[in-house]
Amino acid sequence: MTALLRYFSFPLLAKELTEAAARRRTYVLRVVYGVLLFAVFAMISPRWLWRGSMDPFSVMGQGRWMFSSLLALQFIGIALFLPAMMCGRIAEEKERDSLVLLFLTDLRPWSIVLQKYLGGLVPMLSFLLLAMPLTAVAYAFGGVTTEALGTGLYALLLACLQVGALALMCSAWCRTTVAALVSTYLLAVAFYLGPICLFALFRIVVFQNLGPSPDDFIFSHVPVMLLEKSGLTPGEVLLRSTSVLLSIVFFLLLARVFLVRRAFAPASTFFVRQFRRLDGVMHLANRLTGHRMLLREGRTLPDDDPIAWREMTRKTLGKIHYLVRILVVIEVPIVGICAFASVDEYIGQSIMLSVTAAIVGTLAVLALSVQAANTIVSERVQQTLEVLLTTPLTAREIVVQKARVLRRFMFVLAIPLLTIFGSESCLEWDLRARYGERDGPVVYLVCVLLTVGIYLPLVSWLSLWIGLKMRTRFKAILTALAVVVAWCVLPIVCAAFVENLGLFGYGFRGKMVGVLLLLSPLAVPAANELSSLHQVEGFRNTPGIAWIIVAGSFTFYGALLFLIRRRALARADRYLRPEAHGKREPSETFEY
Amino acid sequence: MNEPTPTTPETPPAAPLVSVENLNIRYGKTHAVRGLSFGIQRGEVFGFIGPNGAGKTSTIKVLATLLKPTTGRALVAGLDVAIEAHAVRRKIGYMPDFFGVYDDLTASEYLHFFAAAYKIPSAKRRALIGDVLALTDLTEKYDAPVDGLSRGMKQRLGLARVLLHDPELLLLDEPASGLDPRARIEMRELLKELQRLGKTIIVSSHILHELAQFCSHIGIVERGEMVANGSLADIYRALSLRRTIHVQLANQTPELAAKIRALPHVTGVDEQPDRLAVQLREDEMSAEDLLDAIHALGARIRMFQPDAMDMETAFMKLTEGRTA
């Protein structure tokens, strides 16, 4: 009996849950999740919920719609929160060098994987329980069958298990939590959206967009697809979820393999190794060309800017010849796409360039944000910041030198974007003139130049500013990405709610939606690409509205950039040496 | 009109290089440093001793301009560290208890990096770096990657770094921490050399007997309070007030022990199986007089051994191992 109890004691799970219970972060996240869930649910609930002037019988059966919305919100919650909660489970043990201690105990690798897995799932499941009262409300309105309820909850559980297993696999593979987080999100996008994109491409290329409609089989690995068909028996639901279950087992199996094989793997230097290998090839090639170099690296020793010197001569994303290689790798396919697009003046080519610009722009913003958030935090993590701060270098000088290096990286990211926008401008010049678009080509050109010229520095300084305040790499990168994404998406979501709920009078609502949309940095570039700046909700008949919107929007973001930069520099000393300004670390009982 | 009689001007006492006055540091509810006050003259080597969590690192961080005192103040060369932090940084060299490395630099590049950070003119740097590397016995590691150096060498490189701008005050937080015996000895010799060069040094350490070999002054802190401060001799003298003397008698009886207990200036006698541990007020009666007095009582003395007062004994006597 004692042996049996020992077998089911789960010491690692107990430790994980105890740690989670002692962290203030657990409760903060739970409250944030709950507040967001309830707020969004209240916003998307039909207007009769608070107007009450309609016939109460008409609301009967509306519960199904509410339940579907609730499930959708929960799926989004799982996709956003669970990777962040799960990706550090094994990677953190590696960072703390404590994984070896676990191997020295009686715990077997499967036991470690499963206990870590459960340790990450339990907090997420507790988040999902927050939706119980809302589910009850939806159920009370009617329209939700017991089968639909069961299938919905089963799909949610599967989504949790699948995303959790994927994140745990990344955690077992990666050396650091940050790498695990980034790879989880990238792999999740590839896993869930990859087959859908491939199918769409296949349909366009092979069947000219007229072929078979999306087949369930292709997307059966996505738990949400279980909700597509109603009236299924439990057996059928189980059968349809086979691929999801198999994928969960597969991810856990890989996590088990990686746990052992990559337990002591060094920090990934894949790109550095490839660059060094390429250095060797280049050196050999230089012999043939008589050692003529197009680009020479800067000084071998620092002048008066040691931080910038080190970043520019020692870091992969600071060295000029490495940056040029990265640029070439990005630029060559983009030039190919642009050349392909310019062959024909078909309007679809312009759309293809817009999509390319959107993808490259998104990746550029994310890469820049991660790099900028990490730049100061890396000094903290390496424990070199404290020593730097006792030199006569001011905190402002440190930040300025770091920002100078980021500018190089920014240029490398800006060139491909400008290439795409340049090609698109040539196309738009003809198209807009031909079709008599009200957003003229000049507006387009000015808008894209301002987008690149203001947005990239804005993202860079915003993320740098966030990184100044943070103490760990994980927090800095996660916060910077969250702020950038939230800033882009939230105004659009709010605008959609205002529109859907029919809040305010018709005329004012239009203006309100327009203003809310403009608060998102995505709105103006997107409207510019779609040639619909003059159609912004609420301002359709205003003469010269396209110019007004471009000027107003970029003046706003330019001013914001100026303010953030000034704030970051003015308060750099306060952020870097908070203790020297009287701010104390939280007491050791609270892990933040 | 009588001319004022010229008087011989008295030499004013030299102002201390470091002056800490009623320093208090709080971290939330934790009172890490409680009313710490001490002064350090130029050229002194001040050993800062205390158990973990006693407040040593916090005090050193205040002097290094990294931490603001909750109350009280600290002066370096007359400059308030909280107000004139930038000027103070030119006068100090701070070596933390960890060695933050730039993995991607060589030893000379590392020093060039910090020479630039200290704004030393480019023309002077090469010679200066050669000098500090020679002083720290790292000349042959000029082009060696920092990451490949042993821990002891990294510590010495750290010391070379803090010497670059020729600071008046060196703040060394646990410089011998984690070093092997050879590296510790090398570090100790290096500190002695710096002492000979006239540097003022504040050094915290747990290796007590090593501090005793070159520290001119010692400050022992516990729970954020200074429990002893002064030269080694002062501290030993202060602690010797109740020296324990181990006495072994060939004719030990309870009556004889009682007679010894009744002797003047003896504060207690602990009867142990093979000896008596006699507590003596040494400032009022010397150990030699006690020997005579015990002999006069008819005792046949087999062993008479005053407790040795070394650094570790002093530390153990003064502290209780509690943290703030």
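The values are calculated or read from the model by the stated rules, or taken from the named source; none is laboratory data. Keep in mind that this is a model prediction, so the values were computed, not measured. As a convention, Cβ positions derive from the backbone with ideal geometry for all residues, glycine included, and neighbour counts pool all protein chains shown. Remember, those area values only see protein heavy atoms, side chains included, never the ligands or the DNA or RNA. Shrake-Rupley method; radii C 1.70, N 1.55, O 1.52, S 1.80 Å.
Brief remarks on what is shown
- At R0 = 22 Å, FRET efficiency that the Cβ-Cβ distance of A:Ile196 and A:Leu157 yields, to 0.05: 0.45
- Each Cα pair under 8 Å and six or more residues apart adds its sequence gap; the mean of these over the residue count of the stretch B:241-308 is a relative contact order of 49 percent.
- Between B:Ala160, B:Ala144, B:Ala107, the residue with the greatest mean-square fluctuation in the GNM of chain B (Cα pairs under 10 Å linked by springs) is B:Ala144.
- Along the axis of the charge dipole computed for the stretch A:278-579 (Cβ charges of +1 for Lys and Arg, -1 for Asp and Glu, origin at the Cα centre), the listed residues A:Trp429, A:Leu363, A:Leu561 are led at the positive end by A:Leu561.
- In this simple spin-label approximation, A:Leu363 and B:Leu297 carry label points 7 Å from Cα along the Cα→Cβ vector, and these lie 9.2 nm apart.
- Sorted largest first, extent of the stretch B:241-308 alpha carbons per principal axis (Å): 29, 22, 17
- Efficiency of FRET between A:Arg276 and A:Ala339 - r from beta-carbon atoms, R0 22 angstrom, step 0.05: 0.10
- Relative contact order of chain B, defined on C-alpha pairs under 8 angstrom at six or more residues apart (%): 20
- In a simple Cβ point-charge model (Lys, Arg +1; Asp, Glu -1; nothing else charged), chain B has a dipole of about 760 debye relative to its Cα centre.
- Protection proxy ranking, peptides A:457-465, A:549-557, average beta carbon neighbours within 10 Å, highest first: A:457-465, A:549-557
- Fluctuation leader among B:Ile185, B:Ile235, B:Ile294 - chain B, Gaussian network, Cα springs under 10 angstrom: B:Ile294
- Rounded accessible area per residue of the protein assembly as shown, 1.4 Å, Å²: 49
- The three principal axes of the Cα atoms in the stretch A:278-579 give end-to-end lengths of 62, 56, 27 Å, sorted in falling order.
- In the protein assembly as shown, the DSSP beta bridges split such that about 70 percent are antiparallel, to the nearest 5.
- At q = 0.08, 0.10 Å⁻¹, base-10 log of I(q)/I(0) for the protein assembly as shown (Debye sum, equal scatterers on each alpha carbon): -0.97, -1.33
- Averaging the sequence gap over all C-alpha pairs within less than 8 Å and six or more residues apart, then dividing by the number of residues, gives the stretch A:278-579 a relative contact order of 21 percent.
- Normalised by residue count, chain B yields a Cα convex hull volume of 226 Å³ per residue.
- Each chain gives up part of its surface: B and A jointly bury about 3100 Å² of accessible area, both sides summed, for a 1.4 Å probe.
- For residues of A:304-317, the mean tally of beta carbons on other chains within 10 Å: 3
- Here the protein assembly as shown is assigned +1 on the Cβ of each Lys and Arg and -1 on the Cβ of each Asp and Glu. Its dipole about the Cα centre then comes out at about 1280 debye.
- A dipole drawn for the protein assembly as shown from +1 and -1 charges on Cβ atoms has a positive end, and of A:Phe41, A:Tyr575, B:Ala293 the residue lying farthest that way is A:Phe41.
- Around A:Lys94: net Lys/Arg minus Asp/Glu count, Cβ-Cβ under 9 Å: -1
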